[in-house]
Amino acid sequence: MSAEFYRIAHIVGVLMLFLGLGGMFAFAGKGKASALYPILHGLGLLVMIVAGIGQAHKLGYGWPTWMILKIGCWVVIAVLPTLAKKNVLPAAVALLLALVLGGTAVWLAVTKPI
């Protein structure tokens, strides 16, 4: 598969992740949300990591610091629904944190500062 295929799959995974996050945060503390949202969240994470690593391999990146930091951003985003559900973080704060971390991950990928 081409690097462009992996790039598109990676972006689709990001869309799935944030659709799932939005659905789960919308229902946080208001009862049980549809099972579709956690499924979208989990599949989005899986698609993102497979496509991201595949693209990095195709382009010969190895494991630069910016990529490790980007994966760290996604790991934190992955646990935010659990933190919101257990009332460790309010849903609005968790959503804002997801947006900031998502933006940081994009910035790291585009600029590759380190």
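The values are calculated or read from the model by the stated rules, or taken from the named source; none is laboratory data. No experiment lies behind these values; they were computed from the predicted model shown. When we count neighbours, we look across all protein chains shown, and the Cβ atoms used for this are built from the backbone with ideal geometry, even at glycine.
Numbers for the structure displayed
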{"item": "Residues (over 17 Å from Leu17 (Cα atoms), of a type in the set (Ser, Thr, Tyr) and part of a helix (DSSP H, G or I)) located in the stretch 37-96", "result": "Thr65"}
{"item": "Count of residues meeting criterion [among the polar types (S, T, N, Q), farther than 21 Å from His10 by Cα and touching a residue at least 40 places away in the same chain (Cβ under 8 Å)] in the stretch 59-114", "result": "1"}
{"item": "Hey, Lys70 among the charged types (D, E, K, R), crowded, with 18+ Cβ neighbours inside 10 Å, modelled with pLDDT of 90 or more and closer than 22 Å to Val106 by Cα or not", "result": "yes"}
{"item": "Sole residue being in contact (Cβ under 8 Å) with a residue 24 or more places away in the chain, under 12 Å from the mean Cα position of the chain (by Cα), surrounded by 18 or more Cβ atoms within 10 Å (Cβ to Cβ) and over 13 Å from Ala109 (Cβ atoms), chosen from Gly52, Gly44", "result": "Gly44"}
{"item": "The stretch 1-36, residues that are outside any helix (DSSP H, G or I) and of a type in the set (Lys, Arg)", "result": "Lys30, Lys32"}
